[in-house]
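What follows is a short report on a single structure.
Read the figures in this text as sums done on the coordinates, not as results from a lab. Remember, it's a predicted structure, so these values are computed and weren't measured experimentally. Neighbour counts run over all protein chains shown; Cβ positions are idealised from the backbone, glycine included.
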């Protein structure tokens, strides 16, 4: 059984019900109370997102300051249920224009009920595609598209789209200026030992697109990934060009991508949905270019003093720069006083998270600023040896840099009317969980 | 327009705060009902929003039903939707009022706008009122034939809703055949998918009673149907694809060519952006190749990458759901994942439920080539802020040590843990060192040196303390001050709350005694004395057993308590293979997350009616075995409970609560029905094991008064005042006869306390025609054997009676020639006994 949700609840952090949609009768009406009493008001909150209470299972997710709870009474498909929640939230976001939080829900609760009615029936997920739903569920609440503008959208076509096969794009779109925006967004996950050896490192990347294209265009995307290049050189029977090729560990695509063609020809070809969407996701573990190296030395001088020296080295091109760099260096709880010297940016001690927070707004490539700090500790008898050093954590964004080295080689747009398109390509690398043990 | 921010949480109907507002709304709605002025829809909308927002926060607005229906005559679609929502919510509770809505819903079902038709039909089917079923059939039939797919899609689910309201109507009206036809012929895939969902659900639930339904369910898995779905799979929405894949996973292909065809067709599904589709495809691949070992291995290799991607993307909740599945596969085939161990390294900020699964996977994949790295990584976590995770990681190190051949380095790490001077680390490490020594006694020298440095004062957790005491006993010859540490512990006997520790203490001091008699003798004496006086039955019995053993023959005792041991080669696995396979069959469902087959959490008989047990999501494998045992016991207990009147229950409670520490919980079990938790904990803690016989005995004892009350009263039992039985015959009979009754009861505490020798009791019992044949023991424990004979015939009763004077409690075992009379005799005996001590 896929999801067969018996009920969906939206609760705020205090446990007040914001939305309450019962799909089936097989659970009691007191399920919200059960959730509040047995999960929200206990320490269990956050220990496990799937819980059984009585005969029902609760799947819950916190999104900003809202809990979304799905109640099922059968042996449901958990992965599907969570994916449904995530998709539903992104659908709501696309309706509210950005934020999904308690206020947005309170302001749009009628709309949410309308949508919940459409995206799930009797606990079975139905159509969740924003492009299609927006055709007939509008915030203005005008009459349905079928009858209001019969001339614009002939009925048989529109209904086919409501439920039908080309779920992601409607016909008859017209733009004055045909534009495609393509962003490659990578996040680097790193776990480095205190001795500087890489314990674990991988890159998860997304190709995000924003299409403003008329008609039914066919797009073709070429990347410098190994399999694609090899296939191409095979087809054109010329040797592979030298230069960096990237080996993708795994790729997943938006449903618009023709997977059969990808598997046979190794090209990414698709008819894009209108507007914003995530074209593909990939993961790479080999040959990752780490944008930053962190060299910490932390010396404990007796019981009440510590010396912290951290050098951060940027390893990308000198002409590039990173933005919003934050380095969080952990210090013990009983820190009393700190003195810093930094060669770049600003640092301060944040007692709430027990960290020295060092921020550098603009961090050029091939530089290595340092922080040296003296930390004085309150001497306590009780907490001898009890400081377990958490890792140093880093946040950053490096525009025009990909940790994987992935590049777009071409992006071709073909439409039968033969219009010209403007293509914009951007790259950005962010820190995922970038941890250095010390 | 926002719903009012309500601070009160109760969902109870008609709250005082809402009452005046509701009646306010009522009058406003009335005013608008007949109004057709332009712009009136906007004010209606505001009012409707208010009503819906009250409904959401749990204020009962069902009293507005009539007004809401009156206002529903509108062309505004949003108004209509709000009205439908309202009606759907309250129709069930107000079936009479629901009739009012039928009219306008039926009218809407014939609207020119397919949107309205669909919405109205959906609401009509959501009324859930059994006596309105007749109004559903017509619109549903029309809906299924509608030329608009939106309406058909709604109608299909409508049939399923109808089935849940009235299964017979649904079956009789032949909707199922229509659904089947639509499923195989409709051009719209969402309609097809909904048909599949509906038919699967209906036929599965019908299958138990109707043969035809079970045939139809089988037919869904036939080759033509499965191929029909497979060929269209790319047209389906991502959610419907999950549904189809689930169906395909159950399909049994006829030959290997078919298997490869299906896998080739579905290969690209592994690259789908929706993780649920990927997981469903993985299930298909795994199930199809189960019988082909080589291909099955290749499938593992193929699905590794997509699974690892899914784990590392998405929210923690999503990755937890995927990780649970990865966990299952890793445990099934650890060697395939042994090179990917780095993916299971924990990140600092990950939630602990993710970390816990990762630790288990790290443990599973450890082999000769990666052990060093994994153990190094695990040791990092031992210093983690999150104490449960730190404990888990230490345990993981220990498990790896127990499954490896070369444990050299690991032993050093474990010993380092002991030196970290953190109580919980020490505690976990001690338990591990103990297990390690049981498997690798050759490491005793290194370990003992470190263990000897640990002050027993710093070890508080029962398990750790027991482990330390075990080592003190086992290696007392190598630890200089072992006897003295034990002696210290025995001095604090009364403060030791854990029976497990006390049991270990008894055994350890015995072992120590055999190795170093002069130093331990005093401690041993103290331990035995304390043990004999212990209120815990197991501790008491073990002390008595040791005492007798020593009395009998010291060298035999040594052989029993401290025999030469063989190292343990394999520790028992907690999950049975059958359960593992069942979970695997239910891949991609809750079973995998809960790590138990679905019948354990969906079937009623496997859950208590009201239990809100925390144990359920407990991922520790230990609960598994306990779970399977519990139901039988509980059913028993429930049945007994039904038989008992409250008065009798109280009586029983008194009898047991006087002295027996462990029978009390078993009564609570029977009484409160929340037994699952307690019985699990009981059966999980070895030191506190509820001796199963005593639980049953209690129940029998309780059941007894009922039987006498319901069956015709038997003639009063008269005993022969001058019964004679020679000891030889007694012994012979005692050996031959089965125990017909065994129970505990209390006796007058004052009388027993003054009992310095059993003679007084013997005389007292004799006055009740119950004769003593043998007696023994020392304060506080006496053991007596009695016999009695019926006055009329030569039928004999034999009794073994153990009296503990400190707890004023006796244990009685009765054997009888005439089993049927033993209950009556037992009452007689207890009455006699209870009178003892009174003038």
Checklist entry - What 222 nm value per residue comes from the helices of chain A, counting each DSSP H run with n ≥ 4 as -39,500 (n - 2.57) and dividing by all residues, nearest 500 deg cm²/dmol? => result -5000 deg cm²/dmol
Next on the checklist: If you average the C-alpha positions of region B:386-424 and of region B:224-256 separately, how far apart do those two centres end up, in angstrom?
Outcome noted: 47 Å
Checklist entry - Ranking B:584, B:236 by Cβ neighbours within 10 Å, fewest first, what do you get? => result B:584, B:236
Next on the checklist: Once each part is reduced to its C-alpha centroid, what is the distance from region B:310-368 to region A:26-101 in angstrom?
Outcome noted: 23 Å
Item to check | Number of partner chain Cβ atoms within 10 Å, mean per residue of B:237-248 | outcome: 5
Checklist entry - Between residue A:90 and residue B:133, what is the label-to-label distance in nm when each label sits 7 Å out along the Cα-to-Cβ direction? => result 4.2 nm
Checklist entry - Separation of region A:252-331 and region B:446-518 by C-alpha centroid, Å? => result 53 Å
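Could you work out how much longer the chain between residue B:369 and residue B:718 gets when fully extended? Use 0.36 nm per residue separation minus the Cα distance between them, nm to one decimal.
Separation in residues times 0.36 nm, less the Cα-Cα distance, equals 117.7 nm.
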Next on the checklist: If N is the number of residues in region B:399-543, what value comes out of its Cα radius of gyration divided by 2.2 N^0.38 Å?
Outcome noted: 1.04
Checklist entry - Label-point separation (nm) for residue A:199 and residue B:477, each offset 7 Å from Cα along Cα-to-Cβ? => result 4.3 nm
Item to check | Approximate spin-label separation residue B:31-residue B:449, in nm, with each point projected 7 Å along Cα-to-Cβ | outcome: 9.3 nm
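Which whole number gives the average, over all residues in B:73-79, of C-beta atoms from other chains lying within 10 Å of the residue C-beta? Working shown, then result.
Values: counts 0, 0, 2, 3, 10, 10, 2.
Across the residues of B:73-79, the mean count of other-chain Cβ atoms within 10 Å is 4.
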Checklist entry - According to the square roots a ≥ b ≥ c of the eigenvalues of the Cα gyration tensor, what is the shape class of region B:250-306, taking rounded for a/c under 1.5, prolate for a/b larger than b/c otherwise, and oblate for the remainder? => result prolate
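So if I take the alpha carbon set of region B:155-301, get Rg, then get Rh from the Kirkwood formula, what is the Rg over Rh ratio?
Rg/Rh: 1.00.
Residue B:387 to residue B:207: FRET efficiency via 1/(1 + (r/R0)^6), r the Cβ-Cβ distance, R0 41 Å, to the nearest 0.05?
Approximately 0.25, to the nearest 0.05.
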Checklist entry - Over all residues in B:225-236, what is the mean tally of Cβ atoms on other chains that come within 10 Å of each residue's Cβ? => result 1
Checklist outcome for this item: Taking a ≥ b ≥ c as the square roots of the Cα gyration tensor eigenvalues, with a/c under 1.5 meaning rounded and otherwise prolate when a/b beats b/c or oblate if not, region B:269-402 comes out oblate
Checklist outcome for this item: Rounded to the nearest 0.05, FRET efficiency between residue A:388 and residue B:545 (Cβ-Cβ, R0 30 Å) equals 0.05
Checklist entry - So if we plug the beta-carbon distance of residue A:303 and residue A:62 into 1/(1 + (r/R0)^6) with R0 = 45 Å, what FRET efficiency do we get, rounded to 0.05? => result 0.65
Checklist outcome for this item: Per principal axis, largest first, the Cα atoms of chain A extend in Å by 81, 68, 37
Next on the checklist: I need the shape label for region B:31-153. Rule: rounded when a/c is under 1.5, else prolate if a/b > b/c, else oblate, with a, b, c from the alpha carbon gyration tensor.
Outcome noted: oblate
